[in-house]
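One structure is given below, encoded as structure tokens.
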Amino acid sequence: MIAKLLPTLTFVAALGSGVVAGVFFAFSSFVMPGLARMPAAGGIAAMNSINITAVTPMFMTALFGTALVCLVVGIGAVMNMAQPGALWLLAGSLLYILGSVVVTAIFNVPLNDALAGVDPASANASAVWTSYLSDWVMWNHVRAVTGIVALGCFIFAWQ
């Protein structure tokens, strides 16, 4: 059954990976550099606002729905390992799940939660903001790159 659905699920996993990687790429390439140019208080307030508005059904469905599809694709790849492209499917699935979802949960969300507790007008806000930018952006680069590479793996699996 899963083997019949694998081409369609792979297409959905590729699209989802590309959409989510695109969001992460946007943050790495211009959103965070733009926020970094702001005074700490403004950058903190803006990022906290973004973090609140990011938790929407549309984005959560893209992020976690793609992970669910990748889980099914990965299982299908393992069950059909002798098929051409199975290793690409497994690699893409693991890259997306680990690089986009696990990194988000272990690194970016705790950084966001810590930033939410910072008073933008406090004496240490500038130091916290500088540290946050460095750490958050580094992990966001990981999310962007792994999402893009996952997309590439799903495309290679089609060949």
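The values are calculated or read from the model by the stated rules, or taken from the named source; none is laboratory data. These numbers were taken from a predicted model, which means no experiment stands behind them. Quick reminder, even Gly has a Cβ in these numbers, built from the backbone with ideal geometry, and neighbours come from all protein chains shown. Note: areas computed on protein heavy atoms with side chains; ligands, DNA, RNA excluded. Shrake-Rupley method; radii C 1.70, N 1.55, O 1.52, S 1.80 Å.
List of remarks:
- Among residues of the range 122-145 being over 21 Å from ILE106 (Cβ atoms) and part of a helix (DSSP H, G or I), the one that is most open to solvent (accessible area, probe 1.4 Å) is THR130.
- When we screen ALA40, ALA21, ALA3, ALA14 for residues that are farther than 20 Å from ALA121 by Cα, of a type in the set (A, V, I, L, M) and touching a Phe, Trp or Tyr at 6+ places or on another chain (Cβ under 8 Å), the only hit is ALA14.
- Residues (touching a residue at least 24 places away in the same chain (Cβ under 8 Å) and either among the polar types (S, T, N, Q) or in contact with a Pro (Cβ under 7 Å, 6 or more places away or on another chain) (or both)) located in the range 123-146: SER126, THR130, ASN140, THR146
- Residue match in the range 98-115 (condition: in a loop (DSSP other than H, G, I, E, B) and at pLDDT 95 or above): no
- Residues considered: ALA82, ALA77. Of these, the only one that is farther than 18 Å from SER131 by Cβ and out of contact with any helix residue (DSSP H, G or I) (no Cβ under 8 Å at 6 or more places or on another chain) is ALA82.
- Filter pass, GLY74 being in contact with a Leu (Cβ under 7 Å, 6 or more places away or on another chain), under 23 Å from ALA13 (Cβ atoms) and assigned to a helix (DSSP H, G or I): yes
- None of LEU63, LEU87, LEU95, LEU71 is more than 30 Å from ASN124 (Cα to Cα), at pLDDT 95 or above and over 19 Å from the mean Cα position of the chain (by Cα) except LEU87.
- Across the range 28-50, the qualifying residues are those that are of a type outside the set (D, E, K, R) and not in a helix (DSSP H, G or I), and the one among them that is least open to solvent (accessible area, probe 1.4 Å) is MET38.
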